[in-house]
Amino acid sequence: MRITRTVAGRSRRVAVLATTGLTASALLLTGCSSDDSDSNESSDANGKITLTVADYGQFGYKEAGLFEKYHELHPNITVKEDTTADEKVYYPKLLQQLNSGSGLADVQGLEVGRIKELVDTKADQFADLSKVIDVNEFVSWKEKQATTADGKVIGAGTDIGPMSLCYNTELFKKAGLPTDRKEVAAKISGGWEDYLKLGEEYKKKAPAGTYFMDSASAMFNAVVSSNAKQYYDESGKPIYKESPSVQQGWNLAAEAADKKLTQGLAQFSDPWKAALRKSTMATVACPAWMAGQISVNAGEANKGKWDITTAPGATAANWGGSFLGVPKAGKNVEEATKLVKWLTAPEQQAAVFKAIGSFPSNKGAYDLPDVKNATLPYFNDAPIGQIYADEAKSIPETILGPKDAAIKDTISTQINNMEQRGTKPDDAWEAATKAIDKVIG
(Lines give C-alpha, C1' and ligand atoms only; values in the text may rest on other atoms or scores of the structure.)
Protein backbone atom coordinates (compact mmCIF):
# COMPACT_ATOMS: atom_id res chain seq x y z
CA MET A 1 0.00 0.00 0.00
CA ARG A 2 1.41 1.33 -2.35
CA ILE A 3 5.74 3.44 -0.41
CA THR A 4 5.62 5.64 2.91
CA ARG A 5 3.31 5.88 3.90
CA THR A 6 1.83 3.86 6.06
CA VAL A 7 -0.74 1.95 7.65
CA ALA A 8 1.35 -0.39 9.79
CA GLY A 9 -0.03 -3.44 8.11
CA ARG A 10 0.53 -2.15 4.74
CA SER A 11 3.14 0.38 3.91
CA ARG A 12 3.21 1.54 0.35
CA ARG A 13 6.28 1.85 -1.73
CA VAL A 14 7.96 5.25 -1.69
CA ALA A 15 10.61 4.75 -4.25
CA VAL A 16 11.49 3.15 -7.52
CA LEU A 17 13.44 -0.02 -8.10
CA ALA A 18 15.98 2.32 -9.58
CA THR A 19 18.80 -0.15 -9.84
CA THR A 20 16.83 -3.06 -11.25
CA GLY A 21 16.58 -1.75 -14.76
CA LEU A 22 12.81 -1.77 -14.39
CA THR A 23 11.45 1.00 -16.56
CA ALA A 24 8.27 1.17 -18.58
CA SER A 25 8.69 -0.32 -22.03
CA ALA A 26 6.81 0.38 -25.19
CA LEU A 27 3.83 -1.84 -24.46
CA LEU A 28 0.73 -2.28 -26.53
CA LEU A 29 -1.30 -0.45 -23.92
CA THR A 30 -4.96 -1.27 -24.19
CA GLY A 31 -7.87 0.88 -23.09
CA CYS A 32 -10.05 3.61 -24.48
CA SER A 33 -8.95 4.72 -27.90
CA SER A 34 -7.88 8.26 -28.53
CA ASP A 35 -10.90 9.02 -30.66
CA ASP A 36 -13.38 8.44 -27.84
CA SER A 37 -15.90 11.27 -27.70
CA ASP A 38 -15.95 13.40 -24.58
CA SER A 39 -18.85 15.48 -23.31
CA ASN A 40 -17.56 16.20 -19.83
CA GLU A 41 -18.90 19.39 -18.32
CA SER A 42 -15.53 20.40 -16.87
CA SER A 43 -13.73 20.63 -20.19
CA ASP A 44 -12.43 24.08 -21.09
CA ALA A 45 -13.38 26.15 -24.13
CA ASN A 46 -11.07 24.06 -26.27
CA GLY A 47 -12.49 20.75 -25.05
CA LYS A 48 -9.43 20.05 -22.91
CA ILE A 49 -9.86 18.08 -19.68
CA THR A 50 -7.58 17.75 -16.69
CA LEU A 51 -8.11 14.62 -14.61
CA THR A 52 -6.71 14.66 -11.09
CA VAL A 53 -5.47 11.55 -9.28
CA ALA A 54 -4.86 11.73 -5.52
CA ASP A 55 -2.87 8.90 -3.97
CA TYR A 56 -0.25 8.16 -1.33
CA GLY A 57 3.21 6.68 -1.18
CA GLN A 58 4.04 5.42 -4.63
CA PHE A 59 1.50 3.96 -7.02
CA GLY A 60 4.05 3.83 -9.83
CA TYR A 61 2.12 5.59 -12.56
CA LYS A 62 4.65 8.37 -12.95
CA GLU A 63 7.57 5.93 -12.96
CA ALA A 64 5.86 3.78 -15.58
CA GLY A 65 5.05 6.80 -17.74
CA LEU A 66 1.36 5.91 -17.81
CA PHE A 67 -0.10 9.39 -17.48
CA GLU A 68 1.97 10.54 -20.45
CA LYS A 69 0.86 7.47 -22.40
CA TYR A 70 -2.78 8.19 -21.57
CA HIS A 71 -2.35 11.73 -22.88
CA GLU A 72 -0.91 10.32 -26.11
CA LEU A 73 -3.98 8.12 -26.47
CA HIS A 74 -6.32 10.97 -25.47
CA PRO A 75 -4.74 14.28 -26.56
CA ASN A 76 -7.59 16.26 -25.01
CA ILE A 77 -6.93 14.79 -21.53
CA THR A 78 -4.10 15.63 -19.15
CA VAL A 79 -3.67 13.67 -15.93
CA LYS A 80 -2.16 15.31 -12.86
CA GLU A 81 -1.15 13.38 -9.75
CA ASP A 82 -1.25 14.68 -6.17
CA THR A 83 0.71 12.32 -3.93
CA THR A 84 0.81 12.34 -0.13
CA ALA A 85 3.85 10.56 1.29
CA ASP A 86 2.13 9.05 4.33
CA GLU A 87 -1.20 7.25 4.04
CA LYS A 88 -1.95 8.03 7.68
CA VAL A 89 -2.01 11.71 6.68
CA TYR A 90 -3.84 11.06 3.41
CA TYR A 91 -6.80 9.09 4.79
CA PRO A 92 -8.15 11.58 7.36
CA LYS A 93 -8.04 14.26 4.66
CA LEU A 94 -9.96 11.98 2.30
CA LEU A 95 -12.65 11.42 4.95
CA GLN A 96 -12.95 15.17 5.48
CA GLN A 97 -13.35 15.72 1.76
CA LEU A 98 -15.95 12.98 1.45
CA ASN A 99 -17.88 14.43 4.38
CA SER A 100 -17.85 17.92 2.90
CA GLY A 101 -18.28 16.82 -0.70
CA SER A 102 -15.53 19.15 -1.84
CA GLY A 103 -11.83 19.08 -2.60
CA LEU A 104 -11.91 15.56 -3.98
CA ALA A 105 -9.80 14.42 -6.91
CA ASP A 106 -11.36 12.73 -9.91
CA VAL A 107 -9.64 9.49 -8.85
CA GLN A 108 -8.70 8.63 -5.27
CA GLY A 109 -6.35 5.90 -4.07
CA LEU A 110 -7.89 3.67 -1.40
CA GLU A 111 -5.82 1.58 1.03
CA VAL A 112 -6.85 -2.01 1.72
CA GLY A 113 -6.73 -1.39 5.46
CA ARG A 114 -9.42 1.27 4.98
CA ILE A 115 -11.54 -0.33 2.28
CA LYS A 116 -14.00 -2.10 4.58
CA GLU A 117 -14.77 1.12 6.44
CA LEU A 118 -15.32 2.93 3.15
CA VAL A 119 -17.53 0.13 1.80
CA ASP A 120 -19.62 0.19 4.98
CA THR A 121 -19.92 3.94 5.47
CA LYS A 122 -19.05 5.84 2.30
CA ALA A 123 -20.07 3.60 -0.60
CA ASP A 124 -22.83 5.96 -1.72
CA GLN A 125 -20.22 8.65 -2.34
CA PHE A 126 -18.30 6.62 -4.92
CA ALA A 127 -19.21 5.74 -8.48
CA ASP A 128 -20.18 2.10 -9.00
CA LEU A 129 -17.43 0.45 -11.06
CA SER A 130 -19.17 -2.91 -11.37
CA LYS A 131 -20.21 -2.13 -14.95
CA VAL A 132 -16.89 -0.50 -15.82
CA ILE A 133 -14.38 -3.22 -14.88
CA ASP A 134 -14.65 -6.99 -15.14
CA VAL A 135 -14.22 -8.12 -11.54
CA ASN A 136 -13.41 -11.63 -12.75
CA GLU A 137 -10.14 -10.36 -14.21
CA PHE A 138 -8.73 -9.85 -10.72
CA VAL A 139 -7.59 -12.41 -8.16
CA SER A 140 -10.77 -13.83 -6.68
CA TRP A 141 -10.68 -12.06 -3.34
CA LYS A 142 -9.47 -8.65 -4.48
CA GLU A 143 -12.64 -7.04 -5.80
CA LYS A 144 -14.76 -8.66 -3.10
CA GLN A 145 -12.94 -6.40 -0.65
CA ALA A 146 -14.32 -3.33 -2.43
CA THR A 147 -17.84 -4.65 -3.05
CA THR A 148 -20.95 -3.78 -1.04
CA ALA A 149 -23.59 -6.30 0.00
CA ASP A 150 -25.78 -5.26 -2.93
CA GLY A 151 -22.96 -5.65 -5.49
CA LYS A 152 -21.69 -2.11 -5.86
CA VAL A 153 -17.92 -1.89 -6.49
CA ILE A 154 -16.30 1.27 -5.11
CA GLY A 155 -12.70 0.54 -6.10
CA ALA A 156 -10.74 -1.16 -8.87
CA GLY A 157 -7.80 -3.20 -7.61
CA THR A 158 -4.26 -1.97 -8.21
CA ASP A 159 -1.57 -4.07 -6.53
CA ILE A 160 -1.45 -6.88 -3.99
CA GLY A 161 1.34 -7.84 -1.60
CA PRO A 162 2.23 -11.54 -1.93
CA MET A 163 4.77 -12.37 0.75
CA SER A 164 8.41 -13.36 0.44
CA LEU A 165 11.54 -12.97 2.56
CA CYS A 166 14.34 -10.58 1.61
CA TYR A 167 17.74 -11.38 3.11
CA ASN A 168 21.24 -9.95 3.03
CA THR A 169 23.46 -12.67 1.57
CA GLU A 170 26.66 -10.98 2.72
CA LEU A 171 25.51 -10.96 6.34
CA PHE A 172 24.21 -14.52 6.05
CA LYS A 173 27.57 -15.68 4.74
CA LYS A 174 29.46 -13.95 7.54
CA ALA A 175 27.16 -15.62 10.09
CA GLY A 176 27.73 -19.06 8.58
CA LEU A 177 24.22 -19.39 7.13
CA PRO A 178 23.35 -20.63 3.63
CA THR A 179 22.89 -17.97 0.98
CA ASP A 180 21.22 -19.96 -1.79
CA ARG A 181 17.54 -19.01 -1.91
CA LYS A 182 16.37 -22.65 -2.06
CA GLU A 183 18.49 -23.59 0.93
CA VAL A 184 17.22 -20.61 2.89
CA ALA A 185 13.64 -21.56 1.99
CA ALA A 186 14.26 -25.06 3.33
CA LYS A 187 15.53 -23.65 6.64
CA ILE A 188 12.25 -21.77 7.21
CA SER A 189 9.86 -24.23 5.59
CA GLY A 190 8.20 -25.02 8.92
CA GLY A 191 6.91 -21.50 9.39
CA TRP A 192 7.71 -18.38 11.38
CA GLU A 193 8.90 -20.45 14.32
CA ASP A 194 11.63 -21.79 12.04
CA TYR A 195 12.37 -18.22 11.05
CA LEU A 196 13.14 -17.35 14.68
CA LYS A 197 15.30 -20.46 15.00
CA LEU A 198 17.26 -19.26 12.00
CA GLY A 199 17.57 -15.93 13.77
CA GLU A 200 19.12 -17.61 16.79
CA GLU A 201 21.62 -19.33 14.49
CA TYR A 202 22.42 -15.97 12.94
CA LYS A 203 22.92 -14.33 16.33
CA LYS A 204 25.62 -16.86 17.35
CA LYS A 205 28.01 -15.61 14.66
CA ALA A 206 26.44 -12.34 13.66
CA PRO A 207 28.76 -9.55 12.54
CA ALA A 208 29.09 -6.94 15.27
CA GLY A 209 26.36 -4.32 15.28
CA THR A 210 23.95 -6.31 13.10
CA TYR A 211 20.56 -7.88 13.80
CA PHE A 212 18.60 -10.72 12.28
CA MET A 213 15.49 -8.70 11.44
CA ASP A 214 14.52 -5.08 11.16
CA SER A 215 11.33 -5.11 13.19
CA ALA A 216 9.27 -7.56 15.22
CA SER A 217 6.18 -5.55 14.28
CA ALA A 218 6.89 -6.27 10.61
CA MET A 219 7.08 -9.98 11.38
CA PHE A 220 3.82 -9.69 13.35
CA ASN A 221 2.06 -8.21 10.33
CA ALA A 222 3.47 -10.89 8.07
CA VAL A 223 2.28 -13.66 10.40
CA VAL A 224 -1.23 -12.23 10.70
CA SER A 225 -1.41 -11.68 6.95
CA SER A 226 -1.12 -15.41 6.29
CA ASN A 227 -4.46 -16.06 7.95
CA ALA A 228 -7.97 -15.56 6.63
CA LYS A 229 -9.35 -14.57 10.04
CA GLN A 230 -7.40 -11.72 11.58
CA TYR A 231 -9.05 -8.89 13.53
CA TYR A 232 -12.74 -9.47 12.76
CA ASP A 233 -15.02 -12.46 12.22
CA GLU A 234 -17.53 -13.02 9.43
CA SER A 235 -20.26 -11.16 11.32
CA GLY A 236 -18.13 -8.03 11.66
CA LYS A 237 -17.36 -8.58 15.34
CA PRO A 238 -13.87 -7.52 16.49
CA ILE A 239 -12.01 -10.65 17.62
CA TYR A 240 -8.46 -9.39 17.75
CA LYS A 241 -8.10 -10.22 21.46
CA GLU A 242 -8.76 -13.93 20.91
CA SER A 243 -7.72 -14.27 17.27
CA PRO A 244 -5.26 -17.21 16.89
CA SER A 245 -3.33 -15.36 14.19
CA VAL A 246 -2.95 -12.26 16.37
CA GLN A 247 -1.93 -14.35 19.35
CA GLN A 248 0.64 -16.24 17.28
CA GLY A 249 2.04 -13.05 15.79
CA TRP A 250 2.19 -11.30 19.16
CA ASN A 251 3.93 -14.22 20.89
CA LEU A 252 6.51 -14.52 18.11
CA ALA A 253 7.12 -10.77 18.19
CA ALA A 254 7.58 -10.85 21.96
CA GLU A 255 10.02 -13.74 21.61
CA ALA A 256 12.01 -11.93 18.92
CA ALA A 257 12.23 -8.82 21.09
CA ASP A 258 13.21 -10.81 24.18
CA LYS A 259 15.97 -12.66 22.32
CA LYS A 260 17.30 -9.45 20.79
CA LEU A 261 16.85 -10.75 17.26
CA THR A 262 15.46 -7.46 16.03
CA GLN A 263 16.93 -4.01 15.57
CA GLY A 264 13.61 -2.58 16.70
CA LEU A 265 13.23 -0.04 13.92
CA ALA A 266 9.85 1.19 12.80
CA GLN A 267 9.68 0.48 9.09
CA PHE A 268 10.12 3.44 6.73
CA SER A 269 11.49 5.65 9.52
CA ASP A 270 14.77 7.47 8.91
CA PRO A 271 16.70 5.10 11.23
CA TRP A 272 15.27 2.14 9.30
CA LYS A 273 16.41 3.62 6.01
CA ALA A 274 19.85 4.31 7.46
CA ALA A 275 20.09 0.71 8.70
CA LEU A 276 19.46 -0.56 5.19
CA ARG A 277 22.17 1.71 3.87
CA LYS A 278 24.59 0.54 6.55
CA SER A 279 23.62 -3.17 6.19
CA THR A 280 22.86 -3.72 9.86
CA MET A 281 19.81 -5.98 9.42
CA ALA A 282 19.89 -9.38 7.76
CA THR A 283 16.25 -10.02 6.88
CA VAL A 284 13.06 -8.11 6.12
CA ALA A 285 9.57 -9.59 5.76
CA CYS A 286 9.00 -8.81 2.11
CA PRO A 287 5.62 -8.29 0.48
CA ALA A 288 6.12 -7.57 -3.22
CA TRP A 289 6.30 -3.80 -2.83
CA MET A 290 9.04 -3.99 -0.18
CA ALA A 291 11.76 -4.79 -2.73
CA GLY A 292 11.58 -1.21 -3.96
CA GLN A 293 12.04 0.11 -0.45
CA ILE A 294 15.13 -2.01 0.11
CA SER A 295 16.81 -1.31 -3.21
CA VAL A 296 16.36 2.43 -2.99
CA ASN A 297 17.23 2.87 0.68
CA ALA A 298 20.07 0.34 0.75
CA GLY A 299 21.47 2.03 -2.33
CA GLU A 300 23.76 1.12 -5.18
CA ALA A 301 26.58 0.14 -2.81
CA ASN A 302 24.52 -2.84 -1.60
CA LYS A 303 23.39 -4.07 -5.00
CA GLY A 304 23.92 -7.81 -5.28
CA LYS A 305 24.12 -8.28 -1.51
CA TRP A 306 20.40 -9.01 -1.18
CA ASP A 307 18.28 -11.92 -2.39
CA ILE A 308 14.64 -13.02 -2.17
CA THR A 309 13.18 -16.37 -1.21
CA THR A 310 9.74 -17.69 -0.35
CA ALA A 311 8.11 -16.67 2.91
CA PRO A 312 8.33 -18.94 5.97
CA GLY A 313 5.90 -21.85 6.00
CA ALA A 314 3.54 -23.29 3.45
CA THR A 315 0.69 -20.81 3.88
CA ALA A 316 0.54 -17.97 1.37
CA ALA A 317 0.12 -14.44 2.66
CA ASN A 318 -0.86 -11.04 1.37
CA TRP A 319 0.30 -7.84 3.04
CA GLY A 320 -1.09 -4.73 1.49
CA GLY A 321 -2.68 -3.58 -1.71
CA SER A 322 -4.76 -0.64 -2.87
CA PHE A 323 -7.66 0.40 -5.06
CA LEU A 324 -8.67 3.32 -7.27
CA GLY A 325 -12.06 4.85 -6.60
CA VAL A 326 -14.03 7.59 -8.34
CA PRO A 327 -15.88 10.00 -6.01
CA LYS A 328 -19.28 11.06 -7.27
CA ALA A 329 -18.42 14.63 -6.26
CA GLY A 330 -15.49 14.69 -8.67
CA LYS A 331 -15.66 17.00 -11.68
CA ASN A 332 -15.10 14.34 -14.35
CA VAL A 333 -16.77 11.15 -13.16
CA GLU A 334 -17.30 9.51 -16.55
CA GLU A 335 -13.79 10.19 -17.82
CA ALA A 336 -12.34 9.24 -14.44
CA THR A 337 -13.94 5.79 -14.61
CA LYS A 338 -12.40 5.29 -18.06
CA LEU A 339 -8.98 6.21 -16.68
CA VAL A 340 -9.40 3.80 -13.75
CA LYS A 341 -10.35 0.96 -16.09
CA TRP A 342 -7.28 1.65 -18.21
CA LEU A 343 -4.86 1.98 -15.29
CA THR A 344 -5.99 -1.34 -13.79
CA ALA A 345 -5.91 -3.30 -17.06
CA PRO A 346 -3.27 -6.07 -17.36
CA GLU A 347 -0.86 -4.16 -19.59
CA GLN A 348 -0.76 -1.12 -17.34
CA GLN A 349 -0.41 -3.18 -14.16
CA ALA A 350 2.47 -5.02 -15.82
CA ALA A 351 4.09 -1.69 -16.67
CA VAL A 352 3.84 -0.57 -13.03
CA PHE A 353 5.31 -3.87 -11.87
CA LYS A 354 8.19 -3.43 -14.26
CA ALA A 355 8.72 0.13 -13.07
CA ILE A 356 8.53 -0.27 -9.28
CA GLY A 357 7.78 -3.91 -8.44
CA SER A 358 4.15 -3.54 -7.28
CA PHE A 359 2.58 -6.90 -8.04
CA PRO A 360 -0.59 -6.86 -10.18
CA SER A 361 -4.00 -7.82 -8.85
CA ASN A 362 -5.26 -8.30 -12.41
CA LYS A 363 -4.61 -11.95 -13.30
CA GLY A 364 -4.29 -11.10 -16.97
CA ALA A 365 -0.92 -9.53 -16.23
CA TYR A 366 0.62 -12.76 -14.93
CA ASP A 367 1.25 -14.25 -18.35
CA LEU A 368 2.71 -11.07 -19.82
CA PRO A 369 6.50 -11.22 -20.29
CA ASP A 370 7.15 -8.20 -18.06
CA VAL A 371 5.61 -10.12 -15.17
CA LYS A 372 6.11 -13.79 -15.99
CA ASN A 373 9.82 -13.48 -16.73
CA ALA A 374 10.63 -10.72 -14.28
CA THR A 375 13.84 -10.84 -12.27
CA LEU A 376 15.49 -8.31 -9.99
CA PRO A 377 19.15 -7.67 -10.74
CA TYR A 378 19.50 -5.84 -7.43
CA PHE A 379 18.49 -9.05 -5.64
CA ASN A 380 20.80 -11.46 -7.48
CA ASP A 381 18.30 -11.80 -10.33
CA ALA A 382 15.65 -13.27 -8.00
CA PRO A 383 12.77 -14.61 -10.16
CA ILE A 384 10.16 -12.39 -8.59
CA GLY A 385 7.57 -12.96 -11.31
CA GLN A 386 7.53 -16.66 -10.48
CA ILE A 387 7.84 -16.22 -6.70
CA TYR A 388 5.01 -13.71 -6.40
CA ALA A 389 2.68 -15.32 -8.94
CA ASP A 390 2.94 -18.70 -7.20
CA GLU A 391 2.20 -17.02 -3.87
CA ALA A 392 -0.69 -14.98 -5.26
CA LYS A 393 -2.53 -18.05 -6.52
CA SER A 394 -3.02 -19.51 -3.04
CA ILE A 395 -3.53 -16.44 -0.83
CA PRO A 396 -6.55 -17.02 1.44
CA GLU A 397 -9.52 -14.69 1.26
CA THR A 398 -9.16 -12.39 4.24
CA ILE A 399 -12.01 -11.21 6.43
CA LEU A 400 -11.63 -7.44 6.59
CA GLY A 401 -12.94 -5.10 9.26
CA PRO A 402 -13.56 -1.34 9.31
CA LYS A 403 -10.71 -0.59 11.71
CA ASP A 404 -8.09 -3.07 10.51
CA ALA A 405 -5.56 -0.32 9.87
CA ALA A 406 -6.02 1.29 13.28
CA ILE A 407 -5.67 -2.06 15.03
CA LYS A 408 -2.49 -2.89 13.12
CA ASP A 409 -1.00 0.53 13.80
CA THR A 410 -1.71 0.35 17.51
CA ILE A 411 -0.35 -3.16 17.97
CA SER A 412 2.74 -2.31 15.94
CA THR A 413 3.39 0.71 18.14
CA GLN A 414 3.32 -1.45 21.26
CA ILE A 415 5.59 -4.07 19.69
CA ASN A 416 8.02 -1.25 18.93
CA ASN A 417 7.82 -0.32 22.62
CA MET A 418 8.79 -3.86 23.57
CA GLU A 419 11.79 -3.63 21.26
CA GLN A 420 12.91 -0.08 21.93
CA ARG A 421 11.87 0.59 25.52
CA GLY A 422 11.88 -2.89 27.00
CA THR A 423 8.16 -2.75 27.78
CA LYS A 424 6.99 -6.09 29.15
CA PRO A 425 4.71 -8.04 26.76
CA ASP A 426 1.75 -8.07 29.17
CA ASP A 427 2.00 -4.32 29.74
CA ALA A 428 2.35 -3.68 26.01
CA TRP A 429 -0.69 -5.84 25.24
CA GLU A 430 -2.77 -4.09 27.88
CA ALA A 431 -1.83 -0.70 26.44
CA ALA A 432 -2.66 -1.86 22.92
CA THR A 433 -6.06 -3.26 23.82
CA LYS A 434 -7.07 -0.16 25.79
CA ALA A 435 -6.15 2.10 22.86
CA ILE A 436 -7.87 -0.12 20.31
CA ASP A 437 -11.07 -0.41 22.32
CA LYS A 438 -11.31 3.40 22.39
CA VAL A 439 -11.05 3.50 18.61
CA ILE A 440 -13.46 0.71 17.73
CA GLY A 441 -15.96 1.49 20.48
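Laid out as a table, the results:
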item: Sole exception among (1) out of contact with any Asp or Glu (no Cβ under 7 Å at 6 or more places or on another chain); (2) open to solvent by 10 Å² or more (accessible area, probe 1.4 Å) for Leu110, by number; result: (2)
item: Residue among Phe212, Phe172, Phe220 that is touching a helix residue (DSSP H, G or I) at 6+ places or on another chain (Cβ under 7 Å), over 30 Å from Ile440 (Cβ atoms), of a type in the set (Phe, Trp, Tyr) and surrounded by 18 or more Cβ atoms within 10 Å (Cβ to Cβ); result: Phe212
item: Leading residue by the ranking (farthest from the chain's Cα centre (by Cα)) among those in region 286-312 that are of a type in the set (S, T, N, Q), farther than 15 Å from Gly60 by Cβ and open to solvent by less than 10 Å² (accessible area, probe 1.4 Å); result: Asn302
item: Hits in region 232-257 - residues which are in a loop (DSSP other than H, G, I, E, B), open to solvent by 10 Å² or more (accessible area, probe 1.4 Å) and among the aromatic types (Phe, Trp, Tyr); result: none
item: Whichever residue in region 135-151 is closer than 17 Å to Ser322 by Cα and part of a loop (DSSP other than H, G, I, E, B) and, among such residues, is modelled with the lowest pLDDT; result: Ser140
item: Any pair with Cβ under 9 angstrom, 6 or more apart, that starts in region 258-272 at a residue that is in a helix (DSSP H, G or I) and ends at one that is among the basic types (Lys, Arg) and open to solvent by less than 30 Å² (accessible area, probe 1.4 Å); result: none
item: Filtered residue count, region 266-285, keeping only those that are at pLDDT 95 or above and touching a Ser or Thr at 6+ places or on another chain (Cβ under 6 Å); result: 1
item: Selection from region 313-328 of residues that are modelled with pLDDT under 95, open to solvent by less than 30 Å² (accessible area, probe 1.4 Å) and either over 17 Å from Ile356 (Cα atoms) or not hydrophobic (A, V, I, L, M, F, W, C) (or both); result: Gly313, Ala316, Ala317, Asn318, Gly320, Gly321
item: Qualifying residue in region 274-286 (condition: on the phi > 0 side of the Ramachandran plot and assigned to a strand (DSSP E or B)); result: no
item: Unique residue being touching a helix residue (DSSP H, G or I) at 6+ places or on another chain (Cβ under 6 Å), among the basic types (Lys, Arg), surrounded by fewer than 24 Cβ atoms within 10 Å (Cβ to Cβ) and modelled with pLDDT of 95 or more when the list is Lys182, Lys187; result: Lys187
item: One residue from Gln108, Gln96 being closer than 26 Å to Gly47 by Cα and not charged (D, E, K, R); result: Gln108
item: Hits in region 152-182 (condition: in contact with a strand residue (DSSP E or B) (Cβ under 9 Å, 6 or more places away or on another chain) and in a helix (DSSP H, G or I)); result: Thr169, Glu170, Leu171, Phe172, Arg181, Lys182
item: Selection count where residues are under 30 Å from Asn227 (Cβ atoms) and part of a loop (DSSP other than H, G, I, E, B), scope region 317-351; result: 2
item: Hey, Lys260 among the charged types (D, E, K, R), open to solvent by 10 Å² or more (accessible area, probe 1.4 Å) and on the phi > 0 side of the Ramachandran plot or not; result: yes
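The values are calculated or read from the model by the stated rules, or taken from the named source; none is laboratory data. On a predicted model such as this, the values are computed, not experimentally measured, just so you know. Note: ideal-geometry Cβ built from the backbone for every residue, glycine included; neighbour counts use all protein chains shown. The protein model used for the area step is the full one, side chains on, heavy atoms only, and it has no ligands, DNA or RNA in it. Shrake-Rupley method; radii C 1.70, N 1.55, O 1.52, S 1.80 Å.
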